[in-house]
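*Asks:* What follows is a structure written as structure tokens; I'll ask about it next.
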């Protein structure tokens, strides 16, 4: 199961979550400069593709997520 806290966000290309640096680093190791959130200061964009170890040929996947609203 994948679990993290983030703000649902987007960069007009696909949906993503805005998350803190520690959360992003769990899934993404490259340059953070290109992942800075456009909408929430101090946060970074985490894309669905970052969460899965898939190749171009393996684009069909099934995802199950649970969520709860946090304050």
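*Asks:* Can you tell me which residue is modelled with the highest pLDDT among those in segment 25-53 that are surrounded by 14 or more Cβ atoms within 10 Å (Cβ to Cβ) and assigned to a strand (DSSP E or B)?
*Replies:* So, considering only residues that are surrounded by 14 or more Cβ atoms within 10 Å (Cβ to Cβ) and assigned to a strand (DSSP E or B), the one modelled with the highest pLDDT is 44.
*Asks:* Here's a check for you: in segment 5-24, which residue that is at pLDDT below 65 and surrounded by fewer than 17 Cβ atoms within 10 Å (Cβ to Cβ) is farthest from residue 71 (Cα to Cα)?
*Replies:* So the first thing to find is which residues in segment 5-24 are at pLDDT below 65, and the list is 8-13.
When the remaining residues are screened for being surrounded by fewer than 17 Cβ atoms within 10 Å (Cβ to Cβ), the result is 8, 10-13.
Details: 8: 14, 10: 21, 11: 24, 12: 26, 13: 28 Å.
Looking at the filtered set, the residue picked out is 13.
*Asks:* Let me ask you something else. Taking residue 66, is it assigned to a loop (DSSP other than H, G, I, E, B) and either touching a strand residue (DSSP E or B) at 6+ places or on another chain (Cβ under 9 Å) or at pLDDT below 80 (or both)?
*Replies:* Working: assigned to a loop (DSSP other than H, G, I, E, B): yes; either touching a strand residue (DSSP E or B) at 6+ places or on another chain (Cβ under 9 Å) or at pLDDT below 80 (or both): no.
It is false that residue 66 is assigned to a loop (DSSP other than H, G, I, E, B) and either touching a strand residue (DSSP E or B) at 6+ places or on another chain (Cβ under 9 Å) or at pLDDT below 80 (or both).
The values are calculated or read from the model by the stated rules, or taken from the named source; none is laboratory data. This is a predicted model, so every value here is computed, not measured. We place every Cβ from the backbone using ideal geometry, glycine too, and count neighbours over all the protein chains shown.
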